[in-house]
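> One structure coming up, written as structure tokens, with questions to follow.
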């Protein structure tokens, strides 16, 4: 036992030396098979913060990126991707102010080691997050229509809250917006977007407004020396017999005049046109009359009034009794009609009905290809184009077709028909 112990103790240095040599040989073999690389990773790693105290804001944001030098076997290098790295700055316990903070980078890959971070430190400014109320100011842009004035805008709400880093919130003096009154002849209102502005009217970054919009209304009123009046057309004369005026139109129906304020204020709410004649009219009368303006009152340039009087024929009705005309009766046949005459009820313009002569209205019975016997035939009515409607009584006529001659019925004279007006 003692001899074995002496042998072990005597050979221990040799055993340790052999182990070291074996390890070196193994390391050399591994290094040759998978050599270790130490170099800068080709992509920049984005920074992020952790532990930011509540109510503290990073002024300017965290936009820096860092580069790292990594030591790892060749096989690990080949598998490295950007997501394997995490670069953080710890803000835990930091007070508002300017701080130089260490950048910590870890790599989630076995056998990979971060040797160097560039830059190793970053400078961040921390400010408290504050808010305060600022007034809303809306600026009116553009000029209203001629003869109109734009008043001061009425804004709701009158104040909004601005919040953000304290040094930036301190720069904000108002929440500004613009609204256009260009060409307006009535009040302008709508939603406007607000911007945080400094004393020079420039936008302030890194702050937000609550709310971000406001409602603005700009009163637009007529100047005291101007007035808008309704146009009242004036006519004279009578339209042609059998015609009537069914209405009129005025375009524009109002005009704007100017003059001394007291003169303009004393005007009634309308202004008459010069007289338009409709004498003998049988169609619409279109005119561009001047206006009957009082002394020292003028019409604004560019205004021309068009007056139209709508003239239509009076609608009437007429009843006449007519002996039908037979057409298409085959040779060798004769026909007897019952009743011998039919009544025709006509509607249309009174002048047209009164001017119709004998033969302008016809009733035709078409007997084409009808065989001897008793038939009910629908009368065909032929009327002038001016007739708007008609009807026949009776709606059908009995026709008896016979072989050979037949007696011709004797007709009673009928009185001359007169139209009956149905419209004024």
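> Which number in (1) loosely packed, with under 11 Cβ neighbours inside 10 Å; (2) closer than 30 Å to residue 303 by Cα marks the one condition that residue 100 misses?
Looking at each condition in turn, residue 100 falls short on (2).
> Please tell me if residue 188 is touching a residue at least 12 places away in the same chain (Cβ under 8 Å) and either farther than 15 Å from residue 136 by Cβ or touching a helix residue (DSSP H, G or I) at 6+ places or on another chain (Cβ under 9 Å) (or both).
It is true that residue 188 is touching a residue at least 12 places away in the same chain (Cβ under 8 Å) and either farther than 15 Å from residue 136 by Cβ or touching a helix residue (DSSP H, G or I) at 6+ places or on another chain (Cβ under 9 Å) (or both).
> Which of the residues spanning region 311-322 are surrounded by 15 or more Cβ atoms within 10 Å (Cβ to Cβ) and either in contact with a helix residue (DSSP H, G or I) (Cβ under 8 Å, 6 or more places away or on another chain) or touching a residue at least 60 places away in the same chain (Cβ under 8 Å) (or both)?
Going residue by residue through region 311-322, those that are surrounded by 15 or more Cβ atoms within 10 Å (Cβ to Cβ) are 311-318, 320-322.
Across region 311-322, the qualifying residues are 311, 312, 313, 314, 315, 316, 317, 318, 320, 321.
> Hey, residue 352 hits all of (1) surrounded by 15 or more Cβ atoms within 10 Å (Cβ to Cβ); (2) touching a residue at least 40 places away in the same chain (Cβ under 8 Å); (3) within 60 Å of the chain's Cα centre (by Cα) but one; which does it fall short on?
The number of the failed condition is (2).
> Taking the stated definitions as given, is residue 120 under 30 Å from residue 216 (Cβ atoms) and without any contact (Cβ under 8 Å) to a residue 60 or more places away in the chain?
For residue 120, the condition - under 30 Å from residue 216 (Cβ atoms) and without any contact (Cβ under 8 Å) to a residue 60 or more places away in the chain - is not met.
> For the structure I just gave you, tell me whether residue 103 is touching a helix residue (DSSP H, G or I) at 6+ places or on another chain (Cβ under 7 Å), over 26 Å from residue 202 (Cβ atoms) and modelled with pLDDT under 95. Before the answer, list the steps.
On the way: touching a helix residue (DSSP H, G or I) at 6+ places or on another chain (Cβ under 7 Å): no; over 26 Å from residue 202 (Cβ atoms): yes; modelled with pLDDT under 95: yes.
No, not satisfied.
> Got a number for residues in region 284-305 being surrounded by fewer than 13 Cβ atoms within 10 Å (Cβ to Cβ) and either touching a strand residue (DSSP E or B) at 6+ places or on another chain (Cβ under 8 Å) or in a strand (DSSP E or B) (or both)?
So the count comes out to 5.
> Considering only residues that are in contact (Cβ under 8 Å) with a residue 24 or more places away in the chain and either assigned by TED's automatic domain parsing to the domain that holds residue 257 or not in a strand (DSSP E or B) (or both), which ones fall in region 153-177? Give the derivation first.
Kept after step one, since they are in contact (Cβ under 8 Å) with a residue 24 or more places away in the chain, are these residues of region 153-177: 153-157, 159-169, 171-177.
Selection gives 153, 157, 166, 167, 168, 169, 171, 172, 173.
> Then there's this: Give the residues of region 278-289 that are closer than 25 Å to residue 257 by Cα and either in contact with a helix residue (DSSP H, G or I) (Cβ under 7 Å, 6 or more places away or on another chain) or in contact (Cβ under 8 Å) with a residue 40 or more places away in the chain (or both), sorted by residue number. Before you say what the answer is, go through the steps one by one.
The first filter runs over region 278-289 and keeps only residues closer than 25 Å to residue 257 by Cα, leaving 286-289.
Answer for region 278-289, where residues must be closer than 25 Å to residue 257 by Cα and either in contact with a helix residue (DSSP H, G or I) (Cβ under 7 Å, 6 or more places away or on another chain) or in contact (Cβ under 8 Å) with a residue 40 or more places away in the chain (or both): just 289.
> I've got another one for you. So, residue 329, is that one in contact (Cβ under 8 Å) with a residue 12 or more places away in the chain, in contact with a strand residue (DSSP E or B) (Cβ under 9 Å, 6 or more places away or on another chain), surrounded by 15 or more Cβ atoms within 10 Å (Cβ to Cβ) and assigned to a loop (DSSP other than H, G, I, E, B) or not? If you could, list the steps in order and put the result at the bottom.
On the way: in contact (Cβ under 8 Å) with a residue 12 or more places away in the chain: yes; in contact with a strand residue (DSSP E or B) (Cβ under 9 Å, 6 or more places away or on another chain): yes; surrounded by 15 or more Cβ atoms within 10 Å (Cβ to Cβ): yes; assigned to a loop (DSSP other than H, G, I, E, B): yes.
Here the answer is yes, as residue 329 does meet what is asked.
Listed here are the residues, each with its yes/no results for (1) out of contact with any helix residue (DSSP H, G or I) (no Cβ under 6 Å at 6 or more places or on another chain); (2) farther than 27 Å from residue 303 by Cβ; (3) at pLDDT 95 or above.
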site: 192; (1), (2), (3): yes, yes, yes
site: 196; (1), (2), (3): yes, yes, yes
site: 205; (1), (2), (3): yes, yes, no
site: 219; (1), (2), (3): yes, no, yes
site: 227; (1), (2), (3): no, no, no
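The values are calculated or read from the model by the stated rules, or taken from the named source; none is laboratory data. A quick note: this is a predicted structure, and the numbers were derived from the prediction, not measured. Counting neighbours? That spans all protein chains shown, and the Cβs are built from the backbone with ideal geometry, glycine included.
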